[in-house]
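**Student:** First, the structure itself, so that you have it in front of you.
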Amino acid sequence: MIKIICVGKIKEKYIKEAIEDYAARIKKYTNLEIIEVMDEKIENEKTTKQKEGAKLLNHIKEKDYVIALDIASKEYSSLEFAKIINDTFIINSNIVFVIGGSLGLDEMVLTRANKKISFSKLTFPHQLFRVLLLEQIYRSYKINNNENYHK
């Protein structure tokens, strides 16, 4: 099972539609759950990240394999990302991806993570990033199953 835990609600219809499309594609390969936690009003960066981090951690189980999406971490190609997913499912049946809010992830979430991944040094809106993550998860399944998918 893949679970995506993220900060904030999706407001834009076109982003919701893209998420629904990729979620339907992924569900042909595995169960998928997307959990949204409310974003916090920005008081100061540390406090806001701590509050959002606590909400994210509430949805993570002890046995979950957690992959934190963090701009400061290592970048991987799509083939490497597919291998990470494939190799992780050999040792754990639950992969949890964690997407922070506009300020990123709190240190307690990064500490809990089994792996940290960056998709780019570029900054993406966290709502749009969900679509990017889902597309890469879908691409990983296509790669791991030796199925054709555009490059």
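**Student:** Going by the structure shown, is K3 part of a helix (DSSP H, G or I) and of a type in the set (K, R)?
**Tutor:** So K3 fails the test.
**Student:** Out of all the residues in region 33-47, is one or more β-branched (V, I, T), under 17 Å from L105 (Cβ atoms) and surrounded by 19 or more Cβ atoms within 10 Å (Cβ to Cβ)?
**Tutor:** Yes, region 33-47 contains a residue that is β-branched (V, I, T), under 17 Å from L105 (Cβ atoms) and surrounded by 19 or more Cβ atoms within 10 Å (Cβ to Cβ).
**Student:** State whether the residues of region 24-33 include one that is in a helix (DSSP H, G or I), basic (K, R) and either out of contact with any helix residue (DSSP H, G or I) (no Cβ under 9 Å at 6 or more places or on another chain) or touching a residue at least 12 places away in the same chain (Cβ under 8 Å) (or both).
**Tutor:** yes
**Student:** Further, regarding this structure: For region 51-60, what are the residues that are in contact (Cβ under 8 Å) with a residue 40 or more places away in the chain and assigned to a loop (DSSP other than H, G, I, E, B)?
**Tutor:** H59, I60, listed by residue number.
**Student:** Any idea which of (1) without any contact (Cβ under 8 Å) to a residue 60 or more places away in the chain; (2) part of a strand (DSSP E or B) is the one E43 doesn't satisfy?
**Tutor:** Going through the list (1) without any contact (Cβ under 8 Å) to a residue 60 or more places away in the chain; (2) part of a strand (DSSP E or B), E43 breaks only (2).
**Student:** Quick check on this structure: which one of R112, R139 is basic (K, R), within 16 Å of Y76 (Cα to Cα), modelled with pLDDT of 95 or more and crowded, with 18+ Cβ neighbours inside 10 Å?
**Tutor:** R139
**Student:** Return yes or no: is A72 of a type in the set (A, V, I, L, M), at pLDDT 95 or above, more than 16 Å from K3 (Cα to Cα) and surrounded by fewer than 16 Cβ atoms within 10 Å (Cβ to Cβ)?
**Tutor:** No: the conditions fail for A72.
The values are calculated or read from the model by the stated rules, or taken from the named source; none is laboratory data. These figures come from a predicted structure and were not determined experimentally. Here the Cβ is made from the backbone with ideal geometry for all residues, glycine too, and neighbour counts use every protein chain on show.
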